[in-house]
1. Do we have residue 209 as outside the structural domain of residue 90 (by TED's automatic domain parsing), under 30 Å from residue 152 (Cβ atoms), under 16 Å from the mean Cα position of the chain (by Cα) and hydroxyl-bearing (Ser, Thr, Tyr) here?
2. Does residue 183 count as within 13 Å of the ligand (Cβ to nearest atom) and either under 21 Å from the mean Cα position of the chain (by Cα) or surrounded by fewer than 22 Cβ atoms within 10 Å (Cβ to Cβ) (or both)?
3. Say we look at the stretch 200-221 and pick out the residues that are more than 13 Å from the ligand (Cβ to nearest atom) and hydroxyl-bearing (Ser, Thr, Tyr); which of these is nearest to residue 298 (Cα to Cα)?
4. Here is a list of conditions, (1) away from the ligand (no atom under 16 Å from the Cβ); (2) outside the structural domain of residue 34 (by TED's automatic domain parsing); (3) of a type outside the set (Gly, Ala, Ser), and residue 92 meets all of them except one; can you say which number that is?
5. Can you say whether residue 123 is without any contact (Cβ under 8 Å) to a residue 24 or more places away in the chain and within 25 Å of residue 285 (Cβ to Cβ), as far as the supplied structure shows?
6. Say whether the condition of being away from the ligand (no atom under 13 Å from the Cβ), under 20 Å from residue 291 (Cα atoms) and in contact (Cβ under 8 Å) with a residue 60 or more places away in the chain is met by at least one residue in the stretch 138-153.
7. Give, as residue ranges, the strands (runs of 3 or more DSSP E) completely inside the stretch 73-151 that count at least 3 residues that are under 27 Å from residue 174 (Cα atoms).
8. If you take the residues of the stretch 53-76 that are in contact (Cβ under 8 Å) with a residue 12 or more places away in the chain and more than 18 Å from residue 91 (Cβ to Cβ), which of them is surrounded by the most Cβ atoms within 10 Å (Cβ to Cβ)?
Amino acid sequence: MRSLALALFLAGVAFLPVATARARGDSAWHLIPIGAREYVPIEDFCRFYGMSLAEPVAGEIHLSGEVGTVDGKHGSPYVLIDGVRHALSFPLLEKDGRWYVSRTDLCCLFDPVLRPWRVPARLWFRGVVIDPGHGGEDKGARSRNGRYEKDYALDTARRLGRILRAMGIPVVFTRTSDVFVPLEERVRIAATHPDYVFVSLHYNQSEPSGHGVETYCLAPRGAPSSNNGTWVRRVDYSPLPGNDNDLLNTLLAHDIHVELVRLRPEDPDMDRGLRRARFVVLRDNPLPGVLVEGGFLSDPTDSSAIDRPEYRQRQAEAVARGLGRFFQTTHVHAAAPRALPADWSAEGQ
Ligand SMILES: [Zn+2]
């Protein structure tokens, strides 16, 4: 066991909880090496965030406090934060009757979600680069009724653009028609708008079909993609341009995902989680970015919902609400964007 503050000083890593704990004279953070990684005891976590730990039951852990609730299971790749599914970079561990959270997840998941007001924003973000997935000969997923992801994504993107403009948020599109745009070109467009954030809109497919919504942001350096299990490849340790925004990426994805999973509260499987990946448009992107998979075109329930303009409108509104919250949180010294018009649901259908 060694001092977390010392370890972070040596690693040159910005680490918000430690800075605050030291300012309070609270030096109770500890780093515990377990296997190849570093973990923090859950008692330190609870003390810092003012959470209490319920008696663990059969490999489960429940934390609650004013900042929210956390529910986890030993070895699970996900936790519920305020009831919403979030992928961990590394599972929570239970060892000799004590629980541990990885340092990566403390920094890059829990802190931005539980203390969003502490996420450092180097810029005043004021606009959105909207990226409708696929286009042209790249049709994307095919729905059960023969329509294509590229068309649904463009329609939802146009709706999102109209809503954001009505909120006073400027937008730029990576495509506005059915054309093929290389991934590198989408990133290049993003890079010309340094005070914007990036939202890529997609719909999913799988065999056998999944069901529900996934919101991706870039995996932190040294952490696996959510789609690779816990397997970390050597290349995953490479620093990527998008990793400069790890905390903002998490906050943006969280704000949007929370809104999307609320669209069908009666559906317990709607929430497939805030997830991590290294998609090109997130990996090489200098802007804080997310990629939304708004449901499975291969699934009968999702596919029939996505086929309805009214549902795509509600999805666009949900993404806009998430963006609005992100801008409000990061605009602490600036005028917040206008609220979404109450009667917006009738527009553009
Ligand atoms: Zn896609």
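The values are calculated or read from the model by the stated rules, or taken from the named source; none is laboratory data. Owing to the predicted nature of the structure, the values given are computational and were not obtained by experimental measurement. Because the Cβ atoms are built from the backbone with ideal geometry, glycine has one as well, and the counts that use them run over all protein chains shown.
1. The answer is no for residue 209.
2. When the stated conditions are applied, residue 183 passes them.
3. In this case the residue turns out to be 209.
4. (2)
5. The answer is no for residue 123.
6. Checked against the condition, which is being away from the ligand (no atom under 13 Å from the Cβ), under 20 Å from residue 291 (Cα atoms) and in contact (Cβ under 8 Å) with a residue 60 or more places away in the chain, the stretch 138-153 yields no hits at all.
7. Passing ranges, in order: 127-132.
8. Here the answer is 67.
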